[in-house]
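The values are calculated or read from the model by the stated rules, or taken from the named source; none is laboratory data. Remember, predicted model here, so these are calculated numbers, not experimental data. Cβ coordinates were reconstructed from backbone atoms using ideal geometry, including for glycine residues, and neighbour counts include every protein chain displayed.
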């Protein structure tokens, strides 16, 4: 993770470009700590969440979930109760923390923004997309019930959300703008400048005013049922993960990962 402050704007940049900023435990922990740092700095009025490299985020790091290298949560994820705890703390709670963050937030998105990447971007108040940005959630094809927070009905509307999720279709930046998923589309080479222009305008609003307006608008979504719908879907997601269909798919992915490791180890022998 990279963290920098430029005037009233803090830039938090996911920095795993070789892995398309796939979200592993280390990245999520660093992201959480970076938001705490921005929260504690009274000179910071707006936070931008960016991604280094070609792609904003490819979603959860599946290699960490099915691969041989354990992380601190590995033992806990071996049973359904532990998996519930892991996903509540790492995904559900930390996403809501960004959604409820007291300062305005902007996701500055380029390239692929997929599955949990889209979930993360949707936690920000605004999204500025480069014209090469592509949004997708193909997780249903992998037997999962989307990801932990079902943001699509709130971002795209009911009918489009069903089509988007059932087909795994891609939305380019212009279509995402037309549907209201993103606020602005800028040239791919001007993403930082375009994001900064918007952030500077927002930074002119007094911090307390910006915060209470954000709280009030989020309250509208809560009154419409957003938070409760996410709680419901989180449990649906947990149930689906424990079905034979999902467990068999997970085992197949583990076997595929294991075979790749074997081939890599012996490719020169």
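If we scan the stretch 21-28, do we find a residue that is at positive phi and surrounded by 21 or more Cβ atoms within 10 Å (Cβ to Cβ)?
So far as the stretch 21-28 goes, yes, one or more of its residues are at positive phi and surrounded by 21 or more Cβ atoms within 10 Å (Cβ to Cβ).
Take residue 178 and decide whether it is part of a helix (DSSP H, G or I) and farther than 23 Å from residue 116 by Cβ.
Yes; evaluated as a whole, the condition is true for this residue.
Of all residues being part of a loop (DSSP other than H, G, I, E, B) and in contact (Cβ under 8 Å) with a residue 60 or more places away in the chain in the stretch 79-115, which is farthest from residue 203 (Cα to Cα)? Just the residue, please.
For the stretch 79-115, the residue satisfying everything is 111.
If you go through the stretch 1-20, how many residues are free of Cβ contacts under 8 Å to residues at least 40 places away in the same chain and either on the phi > 0 side of the Ramachandran plot or surrounded by 15 or more Cβ atoms within 10 Å (Cβ to Cβ) (or both)?
Qualifying residue count for the region: 8.
Being modelled with pLDDT of 85 or more, within 16 Å of the chain's Cα centre (by Cα) and under 25 Å from residue 191 (Cβ atoms) narrows it down to one residue among 89, 48; which is it?
Answer to the check: 48.
Among 152, 175, which is crowded, with 20+ Cβ neighbours inside 10 Å, within 20 Å of the chain's Cα centre (by Cα) and at pLDDT 95 or above?
Of the residues listed, the single one that is crowded, with 20+ Cβ neighbours inside 10 Å, within 20 Å of the chain's Cα centre (by Cα) and at pLDDT 95 or above is 152.
Quick one: what pairs do we get from the stretch 230-242, first residue in contact (Cβ under 8 Å) with a residue 12 or more places away in the chain, second surrounded by 15 or more Cβ atoms within 10 Å (Cβ to Cβ) and part of a helix (DSSP H, G or I), C-beta under 6 Å, 6+ apart or different chains?
234/92; 238/84; 240/246
Could you check the stretch 2-58 and list, in sequence order, the residues that are within 19 Å of residue 206 (Cβ to Cβ), touching a helix residue (DSSP H, G or I) at 6+ places or on another chain (Cβ under 6 Å) and in a loop (DSSP other than H, G, I, E, B)?
8, 44, 45, listed by residue number.
Table: residues versus (1) part of a helix (DSSP H, G or I); (2) free of Cβ contacts under 8 Å to residues at least 40 places away in the same chain; (3) farther than 19 Å from residue 133 by Cα; (4) touching a strand residue (DSSP E or B) at 6+ places or on another chain (Cβ under 7 Å).
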| residue | (1), (2), (3), (4) |
| --- | --- |
| 145 | no, no, yes, no |
| 149 | no, no, yes, no |
| 159 | yes, yes, yes, no |
| 162 | yes, yes, yes, no |
| 174 | yes, no, no, yes |
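Inspect the stretch 225-240 for any residue being in a helix (DSSP H, G or I) and either over 30 Å from residue 106 (Cα atoms) or modelled with pLDDT under 80 (or both) and give the result as yes or no.
Yes: the stretch 225-240 contains one or more residues that are in a helix (DSSP H, G or I) and either over 30 Å from residue 106 (Cα atoms) or modelled with pLDDT under 80 (or both).
Go through (1) more than 23 Å from residue 194 (Cβ to Cβ); (2) touching a residue at least 60 places away in the same chain (Cβ under 8 Å); (3) under 14 Å from the mean Cα position of the chain (by Cα) for residue 39 and report which single condition fails.
(3) is the only condition that residue 39 fails.
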